[in-house]
Every structure is written in C-alpha cells, then in structure tokens.
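A short worksheet on the structure shown next.
Bear in mind that the values in this text are calculations on the coordinates, not laboratory data. Keep in mind it's a predicted model, so treat the numbers as computed, not measured. Cβ: placed from backbone, ideal geometry, glycine included. Neighbour counts: every protein chain shown.
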Amino acid sequence: MSNPSIDGPRLGARLRFAGLLAVAVAFYVLCLHVAQVDFAKLWSGLPRLANWAARAWPPDLSELSTLLVRAAETVAMGTVGTSFGALIALPVCLLAARNVTPSPLLNVPARALLNVLRGIDSFVFALIFVAAVGLGPFAGVLGVALHAAGSIAKLWAESIETVEPGPIEAATMTGASRLKIIRFALIPDVLPSLSSITLYFWEWSIRASTVLGVVGAGGIGQELKNSVDLLAFDRVLTILLIVLAMVTAIDAVSARLRRRLV
Amino acid sequence: MTPILEARDLRKTYGARRALDGVSLAIQPGEVVAVLGASGSGKTTLFRCLTRLVEPDAGTILLAGRSLLGLRGRELATARRDIGVVFQQFNLVRRLSARDNVLAGRLATTPLWRVLARAFDRDSTERATAALTAVGLADHLHQRADTLSGGQQQRVAIARAIAQQSRILLADEPVASLDPDTAIAILELMRGLAKSSGLAVLCTLHQPHLAERFADRILSMSAGRIAAATPAPL
C-alpha cells in the first residue's frame, strides 16, 4: 500500500468524480425517458419514410418561379432583420461593454436586456409578431431583428471589451466627450471585427428565416409547411434543394467578405 | 510665477503597496523636468495620477493654480485639454492615418456632427498638417499609424499635443521602446518645443544619461517618493 497522505486526497477526488458521473448518467437517463425516446416507433415508421422519399423523386419543378420568389423573401427577411438588429445593437452594446459604459448602473440592465433578447428565439418572436402585425414576412423581419439585436450586441460588447485601453486613454486626454472618443478611438479599431460578427449573423438569420414561414411569417418556410401538409414530397424536395443552394451561396459570400475584413 | 502644474503630497496605494508615498513637485512653463526611476519606483503611477487616469488616494493637483482633483465630467475634460500626453506604447489609433491621429487633438473643440462624420474643418486640418510638419512627418500625413516606425509614431503623439495646444506635455517613458538614436531625437524634439513655445514638459525616464542630457531638472524617484531633486549638469 502506498502512503495514505498521498492517497487520501486522490481518493477523495476520485469519489467526487464518481459521484458527479453518477449524477450526470442519472440526468441523461431521465432525459431519455422524458423525451419519450422509442426506437421501435422509428423502426415501424421507416417504411413510410422510405415511401415518401421514393415519391419525392423527381422533384416537382412546375412552380419553381413561385418558390424562388419565396426564397428571395427569406433572404430579404434575414437581411433586413439583421440590419434592424444591428441598429438596435449599437447603442445597447456601448452600454453593455464594461470598458466604455458610462456607468456600471447601466451596464447590468443592458446585459439583462441582451440576455432576454438572445434567450428568446427569432421563431418565438415571429410567432408573437404574426399575431401583432399579421401574416407575412414583416413579422419575420421583426422576429429576426429582436433576436439578432441581442446576439449581435452581446458579441460586439465582448469584442469591444478586448480592445486595448491605450488609444482610448490617449483620446480621453484630449478633453473630448465620450461619444467623440468612441467614434474616433474605438470604432476604427473594432470595425473589422464588428463587421465580421454582423456578417456571421446575416448568414445565421437567413438560415433561421427558412423556417419562419411555419408560423406564418412568410418566406420559403411557408411553402415547405404547405407541401408537407399536402404530402407533396416532390415539391418538398425542390424546396429543400433551393434552401440548400441558398444557404451554401450565402455562406460562401459571407465567408469571402469576412476573410477580406481580417 | 504660478507653476503650470503642481502636485502636493500625492498618495496612492495598491493593496499594501505604496505606489506613491507623498510626492510633491512643481513645473514652470518652458521647463523640462525628468522623473528618473527604476521600474516599480512609482513614476507611472505618478503619471497616471497627474492625468487622473487613476485617482490618487490623497493629495492635491493644481493645473495652472486650479485644483484638478475636484473636477468631474465636462469640467475635467476641459481641464485635460491643457495636458498633452505621450505614452511608451504610443497608443495611436492604429487603423487611422497619422493626420487623423493628430486631429484627435482637435476633438474637444470640434462639433459632434463633424467628429461623427470625420469631417474636420479647414482650420483643424491645417493645424494638424502644420503640427506633423513641425515634428518632421510632412511626408507621412496619410500613412496608417500602424505602418509607421516607433519613432515616427511617437512624433505623431507629440504632434497631437501640439494640435491640441496643450500647455504641458506629460510623457511616460516616451523613449523606452525606441532605439538609442531615435530616443535622443524624440527627447530633443520635446525639449525644442519647450524652449520655443513655452510648453512645460514632464517626462518619466529610467536611463540617467538621457535625463541628464535632456532635462533642466531631475527628480529621482524610488519606493514611491522623490528621493532627490537635482538641476541637471548642462
């Protein structure tokens, strides 16, 4: 046997780890139960899925022009929603970033607001806005804007917090006001990273917008839901191909733009 | 004659460490004073307290006879216009041109909309160009700050203080990141400004031979106190 004074704490650490592991396993088993995971059901449903997949080919291209207009609606929703989100994000991130906030008293509520906006998905916001402003892409724009505002402002604030304090201190000593200092010493330094974050969320918002139609907020998602409801799987396949092409193209454009920024 | 800047019994502690343990000094217009000390002697804390980038725990700071420590917000900003600063790490806005960095010295007197649009008036632009010419950078007006050499960046910082029309230049280890020849050129530039325009220069240094060559007066710091004040042997 080895020395207990060495073994003692090591044994304690092992026991604690084993305890944590047991808790984690129990939690996971509970989740499996609550989520009603039942592979037998999947097994029995497989023939139906296979049948649908078979009926999806060849894709139905008869309404291609309508579907492309709906896809354009999705891109527009994501783009306008992201831009509105960025406009909301700008003032809030300046309050939320600890190194430029005018007061710690504003810092905490600003962060709380961001967490609320970020915590509620654009899908949920869109659901509410459909009730408020009616069916159509504008509800989607508002939904994307609010969720994007929270996410963009949070990442912007984090990016601003990593900036070197030196240039801001130097600008402070010119006697300039806070807003002038932010414009002159902060914005030029962080502009590439803020733009890169915005592009990333533009991509993200367009992907999120593809499903907003399910709650009636316009775009290709609406066609997707209608087609599934009608069991028109050849049309579903066309829509999925359009979504795939659209998302791939947007990702490529955004990635290329972001590379040029860094 | 009223000193342009005077400090009395400044104290600052970080935890148990006394960074400033009762520092008093005074500097007249046109005078060049070096604060000489090893790293950890408290000279950077002194610089940061005199600019109020750090609040001293106790003491008095008089800028042209007026107390600096009581000021807040807009009043503090207005008082700071009289203080030009030069840092060891230059602290320029890297992605702006040399002239834009010098124009920072005009921020306080430029209307907000002009700053937001980065559309400075003719007078400010001309002053910035003249300031850069005065420090020998007339050929680098539009060069991005992060592509300038260390010595050039420090010249830009000095030009910013000229454009700001500050009455005192506070420099914290302005030549510690520069090679010896460039260091001497920068110190001579600051000394020349003091003697030609009445700018007061207070400069922290850690190399005695530079302080002796450059300053009218040397204050030696150690352990947060001014241990000795000597007129430099010119």
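Partner shielding of A:176-188 amounts to 6, given as the average count of beta-carbon atoms from other chains within 10 Å of each residue beta-carbon. The simple spin-label model puts a point 7 Å past each Cα toward its Cβ; for A:ALA50 and B:GLN165 those points are separated by 8.8 nm. Using the Cβ-Cβ distance between B:ALA38 and B:ASP181 with R0 set to 30 Å, the FRET efficiency from 1/(1 + (r/R0)^6) comes to roughly 0.80.
Beta-bridge orientation, the protein assembly as shown: approximately 55 percent antiparallel, per DSSP, counting only bridges with both partners inside.
For chain A, calculate the relative contact order in percent as a whole number, restricting contacts to Cα pairs under 8 Å that are 6 or more residues apart. Write out the running numbers ahead of the final one.
Numbers: 316 pairs, mean separation 65.7, N = 262.
Normalised by residue count, the contact order of chain A is 25 percent.
Between the C-alpha center of the stretch A:94-141 and that of the stretch B:121-195 there is a gap of 45 Å. Relative intensity of the stretch A:66-261 on a log10 scale, I(q)/I(0) at q = 0.14, 0.15, 0.17 Å⁻¹, equals -0.81, -0.89, -1.04, per a Debye sum over C-alpha point scatterers of equal strength in the absence of solvent. Counting 0.36 nm for each residue step from B:SER196 to B:ARG74 and taking away their Cα separation leaves a gain of 40.8 nm.
The distance between label points at B:ARG95 and A:ALA245 comes to 3.6 nm (points 7 Å beyond Cα on the Cα→Cβ vector).
Which pairs in the list B:LYS43/B:LYS195; B:LYS12/B:LYS195; A:LYS154/B:LYS43 are over 27 Å apart, alpha-carbon to alpha-carbon? Where the Cα-Cα span goes over 27 Å, the pairs concerned are B:LYS12/B:LYS195; A:LYS154/B:LYS43.
Only helices enter the 222 nm calculation for the protein assembly as shown: every DSSP H run of n ≥ 4 contributes -39,500 (n - 2.57), and dividing by all residues gives -19000 deg cm²/dmol, rounded to 500. For q values of 0.07, 0.11 Å⁻¹, compute log₁₀ I(q)/I(0) with the Debye formula on a Cα-only model of the protein assembly as shown, without solvent. Summing over Cα pairs of the protein assembly as shown leads to -0.59, -0.96. With a Förster radius of 25 Å applied to the C-beta separation of B:ASP121 and A:LEU257, the computed FRET efficiency comes to 0.10.
Which residues does a label at A:ILE120 reach in the stretch A:85-102, if reach means a backbone N under 14 Å from a point 7 Å past the Cα toward the Cβ? Within reach of a label on A:ILE120, which here means backbone N under 14 Å from a point 7 Å along Cα→Cβ, the stretch A:85-102 contributes nothing. Using the Cβ-Cβ distance between B:GLN143 and B:THR2 with R0 set to 56 Å, the FRET efficiency from 1/(1 + (r/R0)^6) comes to roughly 0.90.
Against the empirical 2.2 N^0.38 Å scaling, what ratio does the C-alpha Rg of the stretch B:95-165 come to?
Details: Rg = 11.1 Å, N = 71, 2.2 N^0.38 = 11.1 Å.
It is 1.00.
Note on B:ALA64 and A:PHE39: their simple-model spin labels are 8.2 nm apart, each label 7 Å out from Cα toward Cβ.
Compute the signed sum of charges (Lys and Arg +1, Asp and Glu -1) over the other residues within less than 15 Å, Cβ to Cβ, of A:ASN226.
Working: positive: A:ARG70, A:LYS225, A:ARG235; negative: A:ASP60, A:GLU63, A:GLU73, A:GLU223, A:ASP229, A:ASP234.
Net charge in that neighbourhood comes out at -3.
A straight line joining the Cα centroids of the stretch B:14-28 and the stretch A:215-262 runs 65 Å.
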